[in-house]
Amino acid sequence: MEDVLVPLFFFGAVFGFPLARRAMIHRHRLELLRAQPLPPAGQAGGPPEDAPALALRLPEPHRLYALALLCRLQDASTAQDPQLRALLGQIRREYLPDTLRAYLSLTSAAREQLRAGGRDPEGLLREQLEHLNRGVDDALRQDHAAADRLLTQSHYLRDRFATGAALQNSR
């Protein structure tokens, strides 16, 4: 009988202990999760989705427009002017995701209500995306810092080398 019980006890200890330990760890994690307070009702789905994830859920012509706008915002994120960077960041982090969330959260009843009022939900989304695109255009046109740096460098180089040429001609 000992010949069977000793190996059985040995294998039970070797393989049973890790299984029991894992079960205790999982039970402890479940207790911790139950002890955490529940998030507010509006945030039950976890963190809000960002603009690229929302844009991928749009119908086709609007998806391309929103993704192109995100590409423009990404390309312009290297701007030197801090005010421009802040505005473009606000468009990317707040305005665009809020617009996309508002469209994606429309129920069929809300769509019918808009249509009954003479407004097309897809047309409204396109209009809002165009407003954001014009805002990006205006912000990029207002980036005077880059133009000022180029003009300053131009004036410096003209003064520096024009003076150098005048010195060489006087010798």
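Listing for the model above:
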{"item": "Residue selected from the range 145-169 under the condition of a type outside the set (Gly, Ala, Ser) and modelled with pLDDT under 65, by the criterion farthest from Cys71 (Cα to Cα)", "result": "Asn169"}
{"item": "Residue in the range 73-87 that is open to solvent by less than 30 Å² (accessible area, probe 1.4 Å) and more than 30 Å from Leu150 (Cα to Cα) present", "result": "no"}
{"item": "Failed item in (1) open to solvent by less than 50 Å² (accessible area, probe 1.4 Å); (2) more than 12 Å from Ala51 (Cα to Cα), with Arg126 passing the rest", "result": "(1)"}
{"item": "Qualifying residue in the range 24-42 (condition: open to solvent by 80 Å² or more (accessible area, probe 1.4 Å), over 30 Å from Arg93 (Cβ atoms) and at pLDDT 85 or above)", "result": "yes"}
{"item": "Qualifying residue in the range 47-57 (condition: assigned to a helix (DSSP H, G or I), open to solvent by 70 Å² or more (accessible area, probe 1.4 Å) and modelled with pLDDT under 75)", "result": "no"}
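The values are calculated or read from the model by the stated rules, or taken from the named source; none is laboratory data. Here the structure is a predicted model, which means the values were calculated and not measured. Neighbour counts are summed over all protein chains in view; Cβ atoms, including those assigned to glycine, are modelled from backbone coordinates with ideal geometry. Just the protein is used for accessible areas: all its heavy atoms, side chains included, with ligands, DNA and RNA removed. Shrake-Rupley method; radii C 1.70, N 1.55, O 1.52, S 1.80 Å.
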